[in-house]
Amino acid sequence: MDAFLAALKEAGARTAISSTRRDARRAQLMSVSWRIARGDLAAEAAPAIPGVAIAWRHATAARSRAAAQEMVDLFDIAYEPSLASLHIEGRAIDMTITWAGTLRIRDKTGARHSITTPRSGDANRELHAVGASYGVIKLLSDPPHWSDTGR
């Protein structure tokens, strides 16, 4: 991952990292809040999270769901969180990659690639191939997500 990030920096790409290693308790908070907000889990059935003092249950089921939705919104969750996330293992990163003009970036072998449009890491398949040369695989269904497995 570090080598790919260094290549991006050397090439002049802008990277905005939004998530790297995720604490397991944070992942549990994200998962439970998502499930309660969606109505897949009743607040009173929410599992305890060791080391986290949180009251999932509010005066009504609707208030419990609304409070959970506030957490979903604050975490900026777009997809159902996983408790087996590569973020927890430190093997994934969420980042937005952009550049102006032509991005001249080296892959792991040292070959230089000139990449133009689209000028976005989430959509540019040429950049995805460069990332893959470093063992950093783009998850196409999740715009900022890159990992060592593509999941």
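The values are calculated or read from the model by the stated rules, or taken from the named source; none is laboratory data. Model, not experiment: these values are computed from the prediction. Methodologically, a virtual Cβ is constructed for each residue, glycine included, from the backbone with ideal geometry; neighbour enumeration extends over all protein chains shown.
For the reader, a short list of remarks on this structure follows.
Okay, residues lined up against (1) over 16 Å from the mean Cα position of the chain (by Cα); (2) under 29 Å from N124 (Cα atoms):
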site: L29; (1), (2): no, no
site: R38; (1), (2): yes, no
site: I77; (1), (2): no, yes
site: A92; (1), (2): no, yes
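Condition check ((1) out of contact with any Gly (no Cβ under 9 Å at 6 or more places or on another chain); (2) surrounded by fewer than 17 Cβ atoms within 10 Å (Cβ to Cβ); (3) hydroxyl-bearing (S, T, Y); (4) touching a residue at least 40 places away in the same chain (Cβ under 8 Å)) across all residues:
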site	(1), (2), (3), (4)
P50	yes, yes, no, no
A53	yes, yes, no, no
R57	yes, yes, no, no
T60	yes, yes, yes, no
R63	yes, yes, no, no
D73	yes, yes, no, no
I93	yes, no, no, yes
A123	yes, yes, no, no
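- T109 more than 17 Å from the chain's Cα centre (by Cα) and either touching a residue at least 60 places away in the same chain (Cβ under 8 Å) or in a loop (DSSP other than H, G, I, E, B) (or both): yes
- A count restricted to segment 117-145 and to residues that are of a type in the set (A, V, I, L, M), assigned to a loop (DSSP other than H, G, I, E, B) and closer than 12 Å to T98 by Cβ stands at 1.
- Test: residue in segment 21-41 that is out of contact with any strand residue (DSSP E or B) (no Cβ under 8 Å at 6 or more places or on another chain), closer than 30 Å to V130 by Cα and of a type in the set (G, A, S): yes
- Boolean, I88 is closer than 27 Å to P143 by Cβ, assigned to a loop (DSSP other than H, G, I, E, B) and either more than 20 Å from the chain's Cα centre (by Cα) or not charged (D, E, K, R) (or both): yes
- Total residues in segment 52-71 satisfying the condition of being in a loop (DSSP other than H, G, I, E, B), touching a helix residue (DSSP H, G or I) at 6+ places or on another chain (Cβ under 9 Å) and hydrophobic (A, V, I, L, M, F, W, C): the figure is 4.
- Among the residues examined, P81 does not qualify as modelled with pLDDT under 95, more than 18 Å from R21 (Cα to Cα), not in a helix (DSSP H, G or I) and not hydrophobic (A, V, I, L, M, F, W, C).
- Taken over segment 1-28, the residue count meeting the criterion of being hydrophobic (A, V, I, L, M, F, W, C), at pLDDT below 95 and out of contact with any Asp or Glu (no Cβ under 8 Å at 6 or more places or on another chain) is 2.
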